[in-house]
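Following: one structure in structure tokens, then a few remarks.
Each value in this text was obtained by applying a stated rule to the coordinates, not by laboratory testing. Small disclaimer: the values here were computed from a predicted structure and weren't measured. Cβ coordinates were reconstructed from backbone atoms using ideal geometry, including for glycine residues, and neighbour counts include every protein chain displayed.
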Amino acid sequence: MKFLKQISIAIILATALTGCAAKSVESTPKAAFTPTLDVDVAVAGDAATLQFKTNMIISKEHYNKERKEGEGHIHLSLDNGENQIITDSSTVLQPLSKGPHNIKVSLHNNDHTPYNVSKSLDIEVK
């Protein structure tokens, strides 16, 4: 009888501990999505072609709508000018004047809140 009581207690404790472990795993918060960004630039004549590489989904259809993790658009600024909104994986800037130019690119959620991921590129138009 004493043996059965010990087994019952062991089973109850194991079940309780397993339940607690399962709850702690379920309540662990999911890590926030942090997108990656790389930009390739090719300058030809008075044009600069930019190719954006990111693990974020660049979304035309959800632009300016509700925030959706892992999705968004690009803000691009040429020579500290106004932001241009980019909803494609590439864009062409032209005509560019001869000389140096600075391009700033940043990733944003559909609702324009920043992902805090950006790049600054310097180019030269000959």
Task: Spin-label pair Gln84/Asp46, simplified geometry with 7 Å Cα→Cβ offset, distance in nm - done: 1.4
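Using 1/(1 + (r/R0)^6) with R0 = 25 angstrom and r between the beta carbons of Ser120 and Lys65, what's the FRET efficiency to the nearest 0.05?
Taking R0 as 25 Å, the efficiency between Ser120 and Lys65 is 0.35.
Counting pairs of alpha carbon atoms under 8 Å apart in space and at least six apart in sequence, what relative contact order in percent does region 38-125 give?
Details: 197 pairs, mean separation 27.4, N = 88.
31 percent.
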Task: 19 Å cut-off, amide nitrogen to a point 7 angstrom out along Val92 Cα→Cβ, residues in region 34-71 - done: 40-53
- [ ] May I ask you to evaluate 6.51 cos²θ - 1.76 cosθ + 1.60, the Karplus curve with θ = phi - 60°, for each residue of region 48-55 and list the ³J(HN,Hα) values in order in whole Hz, giving x for glycine and proline?
- [x] 10, 9, 10, 10, 9, 10, 8, 8
